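The values are calculated or read from the model by the stated rules, or taken from the named source; none is laboratory data. Fair warning: this is a prediction, and the values are worked out from it, not measured in the lab. Every residue, glycine as well, gets a Cβ built from its backbone with ideal geometry; the counts of neighbours run over all protein chains shown. When the accessible area is computed, the model is the full protein with side chains, heavy atoms only, and any ligands, DNA or RNA have been set aside. Shrake-Rupley method; radii C 1.70, N 1.55, O 1.52, S 1.80 Å.
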Amino acid sequence: MSDSLSTTPEAPHPAHTPGVSIRHARAKGEPRFPDGPKADPAGSHFERRIRSFQPRRSRVTAGQADALQRLWPAWGFDVDGRRVLDLAAFFGNDRPVVLEIGFGMGETTAAMAAADPATNILAVDVHTPGQGHLLNLADRLGLDNVRVGNGDAIILLREMLVPDALDGLRVYFPDPWPKKRHHKRRLIQPDFLTLAATRLRPGAVVHCATDWEPYAEQMLEVLTAHPAFENTQADGGFAPRPAFRPVTRFEGQGLDKGHVVNDLLFRRVPHDERAGHRARDSM
């Protein structure tokens, strides 16, 4: 039996009216979405660690619920850490794959997928309404290059992807965890970058964006210091916002309040270049 995920639902879905919920009254203990995302996909299978996210189970609209019920079996997966994804089989092609961690409501993900159909996007989040909304957007826009993951991106990287599986990594507006005692929860840390580097092909680009300036400075410091990455900017600083990254509604609100948005674009250094850098540094 193959470990790859099927892109075909096991059974046809009944006819539905768009925008009308197909949910039913649940008995006590019955899963919210029987064929959809699990509340805690990895469960206690893996060791406890400091998490960089807070699971959010806010209200799911009728349209989002319909999308989860109809599309999750084909386009969604739980990050349970118990199998290795065959990305070519999952997407049905061998196009480059970019991992996006934390996509919110999915508007940016869908817009970028529509603008670049030759790139597959593996989008991971823990926000159920956002998962449903992104699936709905992908369906309405006729996108075949978006797959939605539910769960912890660390488990996905560590347990479910093979080395050099990814052609890029996007982390847009992650939780800044502004209180000093919570800084250890920030995603962009040396250990995370070391793990991500093993799954990124040489030349792959890590693209981060944040409107929290202290976090932006930390991102720049950590990425600059990591031997697996190099800044694409000759001056070693932040990058101008690239035209391919849309301005999100959240970002627009921040800009209206005077927030400064910083983009960082770092390239995964080939192994031989890393060895050369270490040799020069030791001289």
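Output yes when any residue across region 270-277 is modelled with pLDDT under 95, of a type in the set (Lys, Arg) and loosely packed, with under 13 Cβ neighbours inside 10 Å, and no when none is. Break it down stepwise before answering.
Step one: list which residues in region 270-277 are modelled with pLDDT under 95, which gives 270-277.
Now restrict to residues that are of a type in the set (Lys, Arg): 274.
Of the ones still in play, those that are also loosely packed, with under 13 Cβ neighbours inside 10 Å are none.
No: zero hits.
Assess whether LEU187 counts as being under 20 Å from PRO227 (Cβ atoms) and in contact with a Pro (Cβ under 7 Å, 6 or more places away or on another chain). Talk me through it step by step, then tell me what you get.
Numbers: under 20 Å from PRO227 (Cβ atoms): yes; in contact with a Pro (Cβ under 7 Å, 6 or more places away or on another chain): yes.
Yes.
Among the residues of region 65-99, count how many are on the phi > 0 side of the Ramachandran plot and loosely packed, with under 15 Cβ neighbours inside 10 Å.
Quick first cut of region 65-99, residues on the phi > 0 side of the Ramachandran plot only: 81, 92.
This time we only want the ones that are loosely packed, with under 15 Cβ neighbours inside 10 Å, so: 92.
Counting residues in region 65-99 that are on the phi > 0 side of the Ramachandran plot and loosely packed, with under 15 Cβ neighbours inside 10 Å gives 1.
List the number of the failed condition for ARG249; all other conditions in (1) open to solvent by less than 10 Å² (accessible area, probe 1.4 Å); (2) farther than 14 Å from LEU169 by Cβ hold.
Among (1) open to solvent by less than 10 Å² (accessible area, probe 1.4 Å); (2) farther than 14 Å from LEU169 by Cβ, ARG249 violates only (1).
Could you pull out the residue among GLY203, GLY236 that is assigned to a strand (DSSP E or B), exposed (fewer than 15 other Cβ atoms within 10 Å of the Cβ) and not acidic (Asp, Glu)? Before the answer, list the steps.
Working: GLY236 fails: assigned to a strand (DSSP E or B).
None of the other options fit; the residue is GLY203.
Need the failing condition index for THR198 against (1) in contact with a Pro (Cβ under 9 Å, 6 or more places away or on another chain); (2) β-branched (Val, Ile, Thr); (3) open to solvent by less than 20 Å² (accessible area, probe 1.4 Å), just the number.
Only one criterion in (1) in contact with a Pro (Cβ under 9 Å, 6 or more places away or on another chain); (2) β-branched (Val, Ile, Thr); (3) open to solvent by less than 20 Å² (accessible area, probe 1.4 Å) is unmet by THR198, namely (3).
Do any residues in region 228-248 that are on the phi > 0 side of the Ramachandran plot have Cβ atoms under 9 Å from those of residues that are open to solvent by 40 Å² or more (accessible area, probe 1.4 Å) and part of a loop (DSSP other than H, G, I, E, B), where the two are at least six apart or on different chains, and which pairs are they?
none
Of all residues in region 103-136, which are among the hydrophobic types (A, V, I, L, M, F, W, C) and open to solvent by less than 30 Å² (accessible area, probe 1.4 Å)? Reasoning before the result, please.
Step one: list which residues in region 103-136 are among the hydrophobic types (A, V, I, L, M, F, W, C), which gives 103, 105, 110-115, 118, 121-124, 126, 134-135.
Passing the criteria: PHE103, ALA110, MET112, ALA113, ILE121, LEU122, ALA123, VAL124, VAL126, LEU134, LEU135.
Filter region 206-222 for residues that are among the aliphatic types (A, V, I, L, M) and crowded, with 21+ Cβ neighbours inside 10 Å; which is farthest from PHE238 (Cα to Cα)?
Of region 206-222, the ones among the aliphatic types (A, V, I, L, M) are 206, 209, 216, 219-220, 222.
Now drop any that are not crowded, with 21+ Cβ neighbours inside 10 Å, which leaves 206, 209, 216, 219.
Numbers: VAL206: 13, ALA209: 10, ALA216: 9, MET219: 10 Å.
Among those residues, the one meeting the criterion is VAL206.
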